[in-house]
Each structure stands twice: as C-alpha cells, then as structure tokens.
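Quick note: the coordinates plus some simple rules give every number you see, no bench work behind them. What you see is a predicted model, and the numbers here were worked out from it, not measured in a lab. Backbone-built Cβ (ideal geometry, glycine too); neighbour counts: all protein chains shown.
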Amino acid sequence: MDPSTGGVRFEHIVKSFGSVKVLDDITLDVPRAMTTCIIGPSGSGKSTLLRCANLLERPEAGRIIVDGITITDPGVNIDAIRARVGMVFQHFHLFGHLSVLDNVALALRKVRRLPRAEAEERAIAKLNDVGLRGLERRRPTDLSGGQQQRVAIARALAMEPAIMLFDEATSALDPELVKGVLAIMRDLAASGMTMLVVTHEMRFAREAAGQVIFMDHGKIIETAPPATLFDHPQSPRLQQFLDQVL
Amino acid sequence: MLKGLLRIQQTFFDLHLILRVMPSLLRVGLPNTFILALLATLIGIVIGLIIAIGLISSRRPLSLLCRFYVDILRGLPHILTIYLIGQGLPLAGLSLFGDDTYAYAALAIGLIEGAYMAEIFRAGLQSVERGQIEAARTLGMSRAQTMLFIVIPQGIRRVLPPLTGQFILVIKGTALVFLLGLTASQRDLFSIAQDSAINNANLSPLTAAGLIYLALTVPMTYAVNAWERRLRLGANPRARTAL
C-alpha cells in the first residue's frame, strides 16, 4: 500500500514569492491517524507548506500526494479533494453574512448536496461537539474569538474530512480563549484524526503531536517525536529557537 | 430694480402657470420619470453586476472587454449615447422595441448606468475578504459557487447605499430622454415642462418640474446618508444584538 494513503506526502516541494524561496526542496510524510506539528520562526515557510496541502498555494516543483491522490498532477479535481481536507485559519474567516448554523451547513448543501434539513441537523450536531449549543442563530460577529474559531472548526469537521489542517489556529485569540480551542484540537488528535498543525503552542505540540517538524528559511531542519525534538534538539538553530520560545 | 425683479418672478415663478402644469406633471410626468428611472436602474443593475464580475475576472481578455465597456460608456456624454442608441438602433434596423421610444430610452440609460454600477459593484465584490474566499474554496466550493454564495451577497449588501445614490442620479438623468421624442402619454417630467414652457414662452413650468425633482432627490439623498451612517454603526456588535 502506498504509505501516503490516508495521509499527506510532500516530495521535493519548491515555492518562491518573487525572488524569495519560501519552500526549498521540502520532503515530508504526514502519516495518517497522527498529529504532525510544524514549528519554526515566522517567515520560515511553515504556513506556506500547509497551504500547499490543499493547493491554496501551488508549488513550482515537486509532488504532493493527499490520501493517495497526487493533487499536483494536471487535471485533478481539486474541489473534490479540498472537500475532504478541512482547514482552520488563524483569523477564522467565517462567512459574515450567514448565521453560525449556515456557516456550517452551507458547504454540506452546496458541495455535499445534502437536503437543507439533513445539512442543518449535521451542522447542529457538529456545533454541539465544539460546545456551541444554542448559538446557531447568532451572527459570527456576535461571538467571541474563541467561539468563532470553534465555529470554523465545526464548519471544517462537518464535511467529515480525512485530514485536518490548522494554520496558527490560536494565534489570533486572547490568551484566556486559547485553552478551549486547544482542548478541541487535542480531543480531535486523540480521536485519530490525521492532522497537520502549524502552531506556536509548544505545549500542545509536545502533548498532542506524534511528530514535530522544525522549519527555518524554507527548509526542514529537524523531524522527530516531540520528546526527542524538545528535549534533545540536534541542531544549534533549533536549540536557539527553543531557548527563545520556551 | 423692482421691474427687473418682477420680470424674474414672471419668467420663472408664474404661479398661475405652475399650478396649471402641475396636474399633468404629477399625473403623467412623475410616474413616467419614476418608472423610466426604475427600468433603467434594473437594466443597469443586471449589466453592472455581470460587468463587475468580468472586471475582477482573472481571465485577461474578459476583464479587458469589460473595462472597455466601462471606459466607453462612462467616457461619452450621456446625451450622445442616448442619441446613438435611441435613434441609432431603429435606424440600423435593430427595432428591438418597434417604435416604442420609451423602451429605447430605458435601454440607453440602463446601458450607461450599467457602466457606473459596474464600478460600484466591483468595489463591493473586492471588499469581501480574501480569507472568506479561501475558506469557501477549502470547503470544496467551486469558483462560481464561492462567487454566488459568498462574494455576491456580501458585496452587494455593502454597496446598497451608493447604489441608491446612483438611482438618484438616474432620476435626474431621465430628463435627457426628451431628445428621443416621446408620445404625449410617455412624456417624463422634463418633457412636459419643456413643452409647456415653449407653448407659453415662459420658464415657470420648468421651475415646477424642478420642484418635483427636488422633492424626489433631496429626501432620498438624506435617507441614503442616514442608511450609510447606520450601516457603519452596524459594525458595532452591540448595536446589532439590540435588534
């Protein structure tokens, strides 16, 4: 069986913005049913790598295989793949004109083609899962940042994705709201979801990740299980980074 | 001095003439002007939205074509476009509406308004945050679905006040259709006033029409301003939960 089935595999990914090479020959396996955390200083290319996993950014070179499908091949129906790869953003990006319920139910109706009643039923169940019972009729702007991010997580989970991508999901939250969102992510990791998580939350990476990736200047510097990576950093660059953030 | 003032009063404010022309202004001119403005606006909205989507398209030939349309129709004097379409189409054998001048007038103004509204819509569509578009795409929605369900509903909502402002301009713009020679029952406010002014060799009927235009446009302008203020305050979450 292809080792990338159910997971994500990046092979020799290169991506530049102008003259800056943000991803420089990245090869990485994100195994299924495991949480992979990417850490590194800002500008190291970690968010760009994550955004390549559903082709929000298209690499100039290399192959990306998602759940057994080579998405970088020409002619691949990327919409169908995206519907199976959930993504949560730093700034939530909820649909401002829709209620909380419709935010979650919209793609179920338009992409999954579920009837409205069924879509809403599933949306309500997902909102319950993230602790937002009773807020279905509210507008996103009436919610706290933490609640908005939980709506965004419910919106992604409602599509029953095979893989979840988190792009600094707690970085825009007030400190007291971070905990609730991390708890949901932790539960999700524990439930066996395949997750690729770009984060500054070192404690989360240590506790929830199966492997941690340290990136700097568009390259992967170290890949290891969290205990090894945090307690026995091999490279001076990682040592220096950990000294700064821990 | 007094004689001069009296002449001005007689030329522009002849009460007797104003009262005489008022009934036909209100009964015929006002509905015709209003319906014409409404029709032209509807045509303008449909064309404007299509052109706006073309303007922001990543397909270069399409966006250039739409840019061309906007530049031409905003660059020409309205009077010239109305002549070209209202007189030109029937002359060229494109008698879409037979000899119904009113319909050509609505089409001509609608095409012009489409160009102005395209720019208003474009600003609205582009004001929708890129992140929401990315979120929709990551959920598997196609470009078209994202446009239809995410961008257009929010983009239009944000430009409703300037769009209404544009409607006020259309009301004034309809005055130009007198050029096309409307039948008696089709005449708008300005045509009726102008005919009456010529027949009586006195400008007071135009003053009467002016009063009606002002009665339409000034309250609407204030209403739009108040609406815009409220939309801005609506960004305050406390104001919204109170609803």
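For B:Leu65 and B:Phe12, what does the FRET efficiency come to when R0 = 41 Å and r is the distance between their Cβ atoms, rounded to the nearest 0.05? It would help to have the intermediate numbers written out before the result.
Numbers: r = 47 Å, r/R0 = 1.15.
After rounding to 0.05, the efficiency reads 0.30.
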Convex hull of the range A:45-97 built on C-alpha atoms - directionally averaged projected area, nm²: 4.7
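When Rg is the radius of gyration of the Cα atoms in the range B:140-200 and Rh is its Kirkwood radius, what does Rg/Rh come to? Show your work: numbers first, answer last.
On the way: Rg = 20.2 Å, Rh = 14.9 Å.
On the Cα set of the range B:140-200, Rg over Rh gives 1.35.
Quick check on chain A: what does the Kirkwood estimate of hydrodynamic radius come out to from the alpha carbon pairs, in Å?
Numbers: mean 1/r = 0.0540 Å⁻¹.
For chain A, the Kirkwood estimate is 18.5 Å.
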Counting Lys and Arg as +1 and Asp and Glu as -1, each charge on the Cβ, what is the dipole of chain A about the Cα centre in debye, to the nearest 20? 680
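Hey, what did chain A get for relative contact order, percent, Cα under 8 Å, at least 6 apart? The partial results should precede the final answer.
Details: 474 pairs, mean separation 64.4, N = 246.
Relative contact order, chain A: 26 percent.
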Say we join alpha carbon atoms closer than 10 Å with springs in a Gaussian network model of chain B; which of B:Pro219, B:Pro205, B:Pro162 then has the biggest fluctuation? B:Pro219
For every other residue with a beta carbon closer than 14 angstrom to the beta carbon of B:Arg59, add +1 if it is Lys or Arg and -1 if Asp or Glu, then tell me the sum. +3
Which of A:His200, A:His93 has the fewest Cβ neighbours within 10 Å, and the rest in rising order: A:His200, A:His93
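What do you get for Rg/Rh over the range A:104-191 if you use C-alpha atoms and the Kirkwood form of Rh? Can you show the working numbers first?
Numbers: Rg = 12.9 Å, Rh = 13.5 Å.
Reported Rg/Rh (Cα atoms, Kirkwood Rh): 0.96.
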What percentages, rounded to whole numbers, describe P(r) for the range A:112-246 computed over all alpha carbon pairs with 10 Å bin width beginning at zero? 11, 37, 30, 15, 7, 1
Cα point-scatterer Debye curve for the range B:1-101, base-10 log of I(q)/I(0) at q = 0.17 Å⁻¹: -0.99
Separation in nanometres of the label points that stand 7 Å from Cα toward Cβ, at B:Ser57 and B:Arg74: 1.9
Virtual spin-label span in nm between B:Leu26 and A:Ala190, 7 Å along Cα→Cβ: 7.7
Please determine, in degrees from 0 to 90 and to the nearest 10, the orientation of helix B:204-233 with respect to the longest principal axis defined by the Cα atoms of chain B, where the helix direction is its Cα long axis. 20
In deg cm²/dmol, rounded to 500, what helix-only [θ] at 222 nm does chain B give when every DSSP H run of at least 4 residues adds -39500 (n - 2.57) and the total is split over its residues? -24000 deg cm²/dmol
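Taking 8 Å as the Cα distance limit and 6 or more residues as the minimum spacing, I'd like the relative contact order of chain B as a percentage. Kindly include the intermediate steps, with their values, before the conclusion.
Working: 266 pairs, mean separation 75.7, N = 243.
Result for chain B is 31 percent.
Counting Lys +1, Arg +1, Asp -1, Glu -1, what net charge surrounds A:Ser47 among other residues with beta carbon under 14 Å of its beta carbon? Mind showing how you got there, number by number?
Values: positive: A:Lys15, A:Lys46, A:Arg51; negative: A:Glu57, A:Asp167, A:Glu168, A:Asp216, B:Glu134.
Its environment carries a net charge of -2.
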Computed from the beta carbon distance with a Förster radius of 41 Å, FRET efficiency for A:Arg133 and A:Ser16 to the nearest 0.05 stands at 0.35
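Working from the alpha-carbon coordinates of the range A:155-222, get Rg over Rh, Rh being the Kirkwood radius. Please list the in-between numbers first.
Details: Rg = 12.6 Å, Rh = 13.0 Å.
Rg divided by Rh gives 0.97.
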Among the lysines, which fall within straight-line cross-link reach of A:Lys126, defined as a Cα-Cα distance under 18 Å, with same-chain neighbours fewer than 8 residues apart omitted? A:Lys110
Hey, what's the Cα Rg ratio for the protein assembly as shown versus the globular rule of thumb, 2.2 N^0.38 Å? 1.34
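For the range A:94-142, what is one quarter of the convex hull surface built on the Cα atoms, given in nm²? Provide the component values of the computation, followed by the final result.
Details: hull surface 12.8 nm².
Averaged projected area of the range A:94-142's Cα convex hull equals 3.2 nm².
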Cα pairs beyond 22 Å in the range B:76-212, in percent, come to 55
Alpha-carbon spread of the range A:57-153, three principal axes, descending order, Å: 46, 30, 23
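How big is the convex hull of the Cα atoms of chain B, per residue, in Å³?
Details: hull volume 44.2 nm³, N = 243.
Once divided by residue count, the hull of chain B is 182 Å³.
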How far apart, in nm, are two points set 7 Å out from the Cα along the Cα-to-Cβ line at A:Arg116 and at A:Asp79? 2.2
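Could you state the per residue volume, in Å³, of the convex hull enclosing the Cα atoms of the range B:111-160? All intermediate terms of the calculation are to be shown ahead of the outcome.
Working: hull volume 3.3 nm³, N = 50.
Roughly 65 Å³ of hull volume per residue.
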The range A:205-246: projected area of the alpha-carbon convex hull, averaged over directions, in nm²: 2.8
Sorted from largest down, what three extents in whole angstroms do the Cα atoms of the range B:56-139 have along their principal axes? 52, 25, 21
Roughly how compact is the range A:1-139, stated as its Cα Rg over 2.2 N^0.38 Å to two decimals? 1.22
Charge tally in the Cβ shell below 15 Å around A:Pro225, where Lys, Arg are +1 and Asp, Glu are -1, A:Pro225 excluded: -3
At 0.36 nm per residue, and after removing the present C-alpha to C-alpha distance, how many nm does the segment from A:Ala61 to A:His232 gain when stretched out fully? 58.3 nm
Highest GNM mean-square fluctuation, chain B, Cα pairs closer than 10 Å: which of B:Ala175, B:Ala184, B:Ala197? B:Ala184
